[in-house]
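A short reminder: the numbers here are calculations on the coordinates, not readings from a lab. Since the model is a prediction, treat every value here as computed from it, not as a measurement. In this analysis, Cβ positions are derived from the backbone assuming ideal geometry, glycine residues included, and neighbour counts consider all displayed protein chains.
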Amino acid sequence: MLILASAVWRLGHRGIVTIQAGLSPFEWFGLVAVTTAFVYGEGVRALGRRWVPDVIDRARRLRSDPSRLMRLSGPLYGLRLVGRDRVALFWGWFTTVAIVVAVFVVRALPEPWRGIVDFAVAGALMWALIVIVRRFPEAIR
């Protein structure tokens, strides 16, 4: 939750600074379109409906895993970066590499487009954070 909150804060701040600097009508349209697409596509569908439940399920499974190594690598296990399932490992690492590549691509965008995308990503991550907070009591039971 803290990692997501930190990302929301940093990216959201950059997006708000971009908005405060002023946008053309076309850039406003881009902001609304990209933010809507990211919040729904990435926030609601990918993170909220798939990723958060998967992380919670993996945390539950980790409780009953007798391996001390798995328990020590809990965050990596939750993100599917370590474990026993090869398909899950593939998708975990593939997703991680894709996110790193996307970060470099977005950093190369000129302003205000970088700020617009950062604002949209912050919105998607905020949605995921809300879903995690909402499901947290259920997860710790």
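Data for the structure
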{"read-out": "Relative exposure of Asp118, Asp54, judged by other C-beta atoms within 10 Å (fewest first)", "value": "Asp54, Asp118"}
{"read-out": "In Hz, Karplus ³J(HN,Hα) per residue of region 122-132 (6.51, -1.76, 1.60; θ = phi - 60°; x = Gly, Pro)", "value": "4, x, 5, 5, 5, 4, 4, 4, 4, 5, 4"}
{"read-out": "HN-Hα J in Hz across region 25-38 - Karplus 6.51, -1.76, 1.60, θ = phi - 60°, x for Gly and Pro", "value": "x, 5, 5, 4, 4, x, 4, 5, 5, 5, 5, 4, 5, 5"}
{"read-out": "Of Ala128, Trp9, Phe104, farthest towards positive along the dipole that unit charges on Lys, Arg, Asp, Glu beta carbons give the chain", "value": "Ala128"}
{"read-out": "Of Ala37, Ala122, Ala108, the one that fluctuates the most in a GNM where the chain has Cα springs shorter than 10 Å", "value": "Ala108"}
{"read-out": "Dimensionless Rg ratio for region 79-141, taking C-alpha atoms and the 2.2 N^0.38 Å reference", "value": "1.46"}
{"read-out": "Potential extension, Leu89-Arg49 segment - 0.36 nm per residue separation minus Cα distance", "value": "12.4 nm"}
{"read-out": "Label-to-label distance, nm, for residues given as Trp9 and Asp57 (7 Å Cα→Cβ offset)", "value": "3.2"}
{"read-out": "Inter-site label distance for Ser67 and Phe29 at 7 Å from Cα along Cβ, in nm", "value": "5.2"}
{"read-out": "Kirkwood hydrodynamic radius of region 2-104, from inverse mean 1/r over distinct Cα pairs, in Å", "value": "16.1"}
{"read-out": "Relative contact order of the chain, pairs being alpha-carbon contacts under 8 Å that are 6 or more residues apart, as %", "value": "52"}
{"read-out": "Lys, Arg +1 and Asp, Glu -1 on Cβ, resulting dipole of region 2-140 about Cα centre, debye, nearest 20", "value": "660"}
{"read-out": "Distance between modelled label sites at Glu111 and Glu138, nm, 7 Å Cα→Cβ extension", "value": "4.2"}
